[in-house]
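Trainee: Here it is, the structure, as structure tokens.
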Amino acid sequence: MNKKVPQHTGDPFSAEGVKAGFFINTMGIPTSAEIIIIGGGVIGASAAYHLASRGMKSVLLLEREPFFGQGSTGRCAGGVRYQFGTEVNIRLSLESLPMLERFKQELGRDIDYRKCGYLFVLTDEKDVLVFQRNVKLQHDLGIETEWLGRDEICKRLPIMNFEDALAGTFHHKDGLVDPNGVVMGYINAAQKLGVKTFNNTEVTGIRLRGGKVEAVETAQGVIKTRTILNTAGPWSGQIGQMVGVNIPVSPIRRQMLTTTPLKEIPNDFPFVIDFAQSLYFHRHGEGLLMGMSNPNESPAFDTSVDDEFEVINLEAALARMPLVEKARRAAHWAGLYEVTPDAHPIYGATHVDGFTLCTGFSGHGFMHGPVSGKLMSEFILDGQFLTVDVSMLDLARFAEGRLIKEYNVV
Ligand SMILES: Cc1cc2nc3c(=O)[nH]c(=O)nc-3n(C[C@H](O)[C@H](O)[C@H](O)COP(=O)(O)OP(=O)(O)OC[C@H]3O[C@@H](n4cnc5c(N)ncnc54)[C@H](O)[C@@H]3O)c2cc1C
């Protein structure tokens, strides 16, 4: 368990703060901070806001790109769902999705939460058995997922071919949210509360003294700190290497494409997932967004679109929804999933005193970002996770063989 960080609620960058020992170097970067967050995606942005909302003002958020939220978060589909297969993932959704519902009220920014529902379609008997167990667990935890037969699926999706469906599941509060709105909502609110955020600031090294965090190195200077939060998503393993911590997060390319308008797509079209093929469709503007997970993708930081796999994706999509033929491709892009061996994230401490983690969301970190930032503020300030018990999702579980497998990954 990480030690509590001594509370420092003054503004380190005010005249008083400077008197108290905080300085800005000639490149405009502070020379010290209580907490440094590395990576300004949804997780880092949420953590910055939640630390500041607890009164912790001496927080720096460092992002190497010119803008926040350009990593995985900026490339994600924006899907949010309650339908998971492990208790901890469902509990994370039970906290995180209501935070997105309250977002405008709490942070003053509209994030366009559209509750179109997720409709999982199952065509493989072994998936049906696992989903039956998952739905039972969801019901036990208060999630009212519907179990659908083939006729009901075909009735709800008349523009799709699902004659081979064995069963399906639907939850009406699952849906879509704007990722950029969430990141910038948190960043702006954190800034107002005193967090200093820096773009174009790559962390290039970390200094330790006696096994404890001492400072972060950037091209703009060295920043002293006792606490680092690594929220570098697919790159979090590289940050771990700087301090000799092995973080089993693999960058796996995932890509998608959008189409020109298709007037046949109804406004309430759900987020449809053909689970056996990892093929998905949802409404995007007046057209569609379609994606498919390539099971043969090897770990790499390549974010170019794989044109050959895009053809495979399109053929599978056309077989399910022939009217796709009428549209043209509007855009396509690839991003990186940050995948752990059990498809669950990693929260908390490492063997290096002061080096903490929140990473490895394996394709569902956008929706769990709000609660995860809050959980890390609790871990750093209170020494424990209060909102959801995620203590079993520690880094040590990999070495100790305590893996908790999530089946419902797309
Ligand atoms: C195609 C695709 C579709 C997805 N769809 C969904 C979805 O529908 N729903 C969902 O919940 N999730 C989805 N995800 C997953 C989701 O995007 C991620 O789990 C989530 O965005 C991870 O957030 P993060 O803040 O950990 O990482 P990131 O957003 O990648 O942020 C990490 C940041 O760290 C920065 N960084 C890295 N190294 C350094 C350094 N040395 N110094 C400073 N900064 C550094 C990076 O530039 C980056 O901005 C999808 C992902 C992809 C790729």
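Trainee: What would the Debye formula give as log10 I(q)/I(0) at q = 0.09, 0.17, 0.19 Å⁻¹ for the alpha-carbon point model of the range 74-198, no solvent?
Mentor: The Debye formula, applied to the Cα set alone, gives -0.34, -0.92, -1.06.
Trainee: Still on this structure, please answer the following. Under 10 Å, Cα contacts only: if you run a Gaussian network model on the chain, which one of Glu297, Glu63, Glu338 comes out with the highest mean-square fluctuation?
Mentor: With Cα springs under 10 Å in the chain, the top fluctuation among Glu297, Glu63, Glu338 is at Glu297.
Trainee: I need the phi-derived Karplus couplings for the range 232-244: 6.51 cos²θ - 1.76 cosθ + 1.60, θ = phi - 60°, integer Hz, Gly and Pro marked x.
Mentor: Along the range 232-244, the couplings run 8, x, x, 9, 5, x, 5, 5, x, 4, 5, 10, x Hz.
Trainee: For the residues Cys358, Cys76, what sequence is obtained by ranking on other C-beta atoms within 10 Å, fewest first?
Mentor: Cys76, Cys358
Trainee: List the lysines whose Cα sits under 17 Å from the Cα of Lys212, skipping any in the same chain fewer than 8 residues away.
Mentor: Candidates past the 8-residue exclusion: Lys3, Lys4, Lys224.
Trainee: Would you work out which of Val339, Gly373, Leu403 lies farthest towards the positive end of the dipole of the range 324-410, given +1 charges on the beta-carbon of Lys and Arg and -1 on that of Asp and Glu, about the Cα centre?
Mentor: Highest projection toward the positive end goes to Val339.
Trainee: A further question on this structure: For the chain, would you read off the P(r) tail past 32 Å as a percentage of all alpha carbon pairs?
Mentor: When every Cα pair of the chain is considered, 35 percent fall beyond 32 Å.
Trainee: Which net charge results when you count Lys and Arg as +1 and Asp and Glu as -1 among the other residues whose beta-carbon is under 11 Å from that of Ala33?
Mentor: Counting the neighbours of Ala33, the net charge comes to +3.
Trainee: Using +1 at the Cβ of each Lys and Arg and -1 at the Cβ of each Asp and Glu in the chain, identify which of Gly240, Gly285, Ile37 lies farthest towards the dipole's positive end.
Mentor: The one lying farthest along the dipole's positive direction is Ile37.
Trainee: Report the percentage of all Cα-Cα pairs in the range 37-98 whose separation exceeds 12 Å, rounded to a whole percent.
Mentor: The proportion of pairs with Cα distances above 12 Å equals 73 percent.
Trainee: If you don't mind, there's one more thing I want to ask. Could you identify which residue out of Ala33, Ala276, Ala215 has the top mean-square fluctuation in a GNM of the chain using Cα springs shorter than 10 Å?
Mentor: Of Ala33, Ala276, Ala215, the most mobile in the Gaussian network model is Ala276.
Trainee: Hey, another quick one. Highest GNM mean-square fluctuation, the chain, Cα pairs closer than 10 Å: which of His50, His139, His344?
Mentor: The residue that fluctuates most here is His139.
Trainee: Follow-up. If we count every other residue with Cβ under 13 angstrom of Asp306's Cβ, Lys/Arg +1 and Asp/Glu -1, where does the sum land?
Mentor: -3
Trainee: Calculate the length of the line joining the C-alpha centroid of the range 329-367 to that of the range 91-149, in whole Å.
Mentor: After rounding, the separation between the Cα centres reads 20 Å.
Trainee: Do any trypsin sites (Lys or Arg not before Pro) in the range 187-275 lie in a DSSP loop with no more than 15 other beta carbon atoms within 10 Å, and if so, which?
Mentor: Here the sparse-neighbourhood loop sites are Lys263.
Trainee: Next up: What's the angle, to the nearest 10 degrees (0 to 90), between helix 125-140's Cα axis and the longest principal axis of the chain?
Mentor: Approximately 60 degrees, to the nearest ten.
Trainee: Could you derive backbone 3J(HN,Hα) for the range 284-291 from the dihedral phi with the Karplus parameters 6.51, -1.76 and 1.60 (θ = phi - 60°), listing whole Hz in sequence and x where the residue is Gly or Pro?
Mentor: 9, x, 9, x, 10, 10, 10, x
Trainee: On average over all directions, what projected area in square nanometres does the range 266-410 have, based on the convex hull of its Cα atoms?
Mentor: Projected area, direction-averaged: 11.1 nm².
Trainee: Apply the Karplus parameterisation 6.51 cos²θ - 1.76 cosθ + 1.60, with θ equal to phi minus 60°, to every residue of the range 93-98 and state each ³J(HN,Hα) to the nearest whole Hz, in sequence, with x for glycine and proline.
Mentor: 5, 4, 8, 6, 5, x
Trainee: How high is the relative contact order of the chain, in percent, counting Cα pairs under 8 Å that sit 6 or more residues apart?
Mentor: Relative contact order, the chain: 24 percent.
Trainee: Sum up the charges of everything whose Cβ sits under 15 Å from the Cβ of Arg209, counting Lys and Arg as +1 and Asp and Glu as -1, but leave Arg209 out.
Mentor: Local net charge: +1.
Here, each number is a calculation from the coordinates, and none is a lab measurement. Just so you know, these numbers come straight off a predicted model, no measurement behind them. Using ideal geometry, Cβ is built from the backbone for each residue, glycine included, and neighbour counts are taken over all protein chains shown.
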